[in-house]
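Below: one structure, written as structure tokens.
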Amino acid sequence: MRMGIDTDKYYTPPAVANRALERAQLVSKPIVCADTACGSGSLLIAAENVLNARYGVGIDSDPHAIQQLRRARPDWRLYVGDLLKRNRAPPTGFPGANYGVDLLVLNPPFSLGPRKYVTVKYLGRSVKCSVAMAHILRSFELFRPIQGAIAVVPESLLYSNTDQHARELLDHNFSFTELLQLSIYTFKGARVNSLFVQIAPQISRRDSSIQINTTQLDIIPVTVVRGGLQMHAFERSPSGARVIHSTALRSIATGGVATISDKTSSTAKGRISGWMLLLPRVGLPNKEAFCAFYSRDEVQLSDCVIGMTFPSKLEAFCVQRRIVANWQSLLSIYKGTGARYITIARFVDWLYDVGIRDCNALKKISGLTLV
Ligand SMILES: C[S@@+](CC[C@H](N)C(=O)[O-])C[C@H]1O[C@@H](n2cnc3c(N)ncnc32)[C@H](O)[C@@H]1O
């Protein structure tokens, strides 16, 4: 047992952290990673090394650990605090990131001490659970990580009565996948049956094994928008809307929409804002350049770009994941003898086949039914 007279300073050996993160199935590279019990920072370091994460956010109740880590990693945002008493996440906006945390990496404290359970707030409810589960729930509540978490958990968290209620709540939106079983000797000074799990957001439980069969899928709504701005004929204006052409999709995926410098006062079809995914209409798409992002300000899509807009980042990333899982099939509907292209109708039909519904197409269908 990881017996708890201290606060569980059983740090993850770097080699174990690396091995676990190498097994994670992620939709895209996480830009911002957070560890809410960061200790010596080994999981954040592994996230940098293995997943290429660019920014680290860490919290730990141990001031000494944070002091040491601040010296070693002045570029990370590090906070002393008791996660279970926190009501707000620290600031998580970083340049070129998705205005939030992409992935949590956690090895939470396990020790209940003399207590049988702790009580935490999650989704407006009071939940009685183990300390490790409490830490996971509070971390999800505070950070709402786009791609969920990779966490070390005691085996009991997956089946105990104590954590049953919490598991049922998480089950609505997340799936647990075992990444790496750990030996009872993994943590120096502690003997515990534990494992690394990935807790990934799910709209569909079948995302990872998508067959093109809509009857098996949960349906995700999107709004498909065709860009309309002709690149050879638009008025540039420094205070206008950013113009997104297909050649800019890669730079947006790596550096965010702020990398676009072309702006216009011309207004054409395809003015969108909020959470979006973009694909070229002409020329084959590139998986590396296909990444959901947020723009508070309206952007203007060129006539070589197709956009999809979403009410929230969760839908945006679920659609990204589903499209990436069907990438070869997407490429096959780009046709033509010269530059390959896709039509909106063909794209909307294809989306339908993978369980993604275009709201505009649905409106047209319901309009027809009413006539
Ligand atoms: C098992 S260690 C994990 C450290 C690090 N994430 C790693 O994997 O090496 C747990 C850490 O949680 C911290 N901790 C314990 N209770 C906490 C709380 N309520 N809030 C924040 N950190 C806490 C401890 O100080 C310790 O550094």
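Quick notes on this structure:
- Principal-axis tilt of helix 313-325 within the chain, Cα atoms, nearest 10 degrees: 80 degrees
- Across the stretch 124-175, the volume of the C-alpha convex hull divided among the residues equals 82 Å³ per residue.
- Most mobile listed residue (HIS245, HIS135, HIS232) in the chain, GNM with C-alpha springs under 10 Å: HIS232
- Pairs exceeding 21 Å between alpha-carbon atoms, taken from LYS85/LYS128; LYS9/LYS121; LYS9/LYS29; LYS85/LYS188; LYS9/LYS128: LYS9/LYS121; LYS9/LYS29; LYS85/LYS188; LYS9/LYS128.
- Scalar couplings 3J(HN,Hα) for the stretch 239-247, obtained by applying the Karplus form with A = 6.51, B = -1.76, C = 1.60 to θ = phi - 60°, are 9, x, 7, 5, 9, 10, 9, 4, 5 Hz; x denotes Gly and Pro.
- Normalising the average separation of contacting C-alpha pairs (under 8 angstrom, six or more residues apart) by the number of residues puts the relative contact order of the chain at 14 percent.
- Gyration tensor verdict on the stretch 14-201 (Cα atoms; rounded if a/c is under 1.5, prolate if a/b is larger than b/c, oblate otherwise): rounded
- Rounded to the nearest 20, the Cβ-based charge dipole of the chain about its Cα centre (Lys and Arg +1, Asp and Glu -1) stands at 300 debye.
- Its Cα gyration tensor gives the chain an equivalent ellipsoid, and the semi-axes of that ellipsoid, as √(5λ) in whole Å with the largest first, are 42, 23, 18.
- Sorting the segments 121-134, 181-194 by their mean number of nearby beta carbons within 10 angstrom, highest to lowest, gives 121-134, 181-194.
- The stretch 249-296 and the stretch 133-206 have Cα centres lying 34 Å from one another.
- Extents of the stretch 210-335, largest first, come to 48, 31, 25 Å (Cα atoms, principal axes, whole angstrom).
- The stretch 1-139, relative contact order in percent, only Cα pairs under 8 angstrom and at least six apart counted: 26 percent
- Here the stretch 293-355 is treated as a Stokes sphere of Kirkwood radius computed over C-alpha pairs; at 25 °C and 0.890 mPa s its diffusion coefficient rounds to 184 µm²/s.
Every number in this text was worked out from the coordinates using simple rules, so none of it is lab data. These numbers were taken from a predicted model, which means no experiment stands behind them. So basically every Cβ, Gly included, is an ideal-geometry build from the backbone, and we count neighbours across all protein chains shown.
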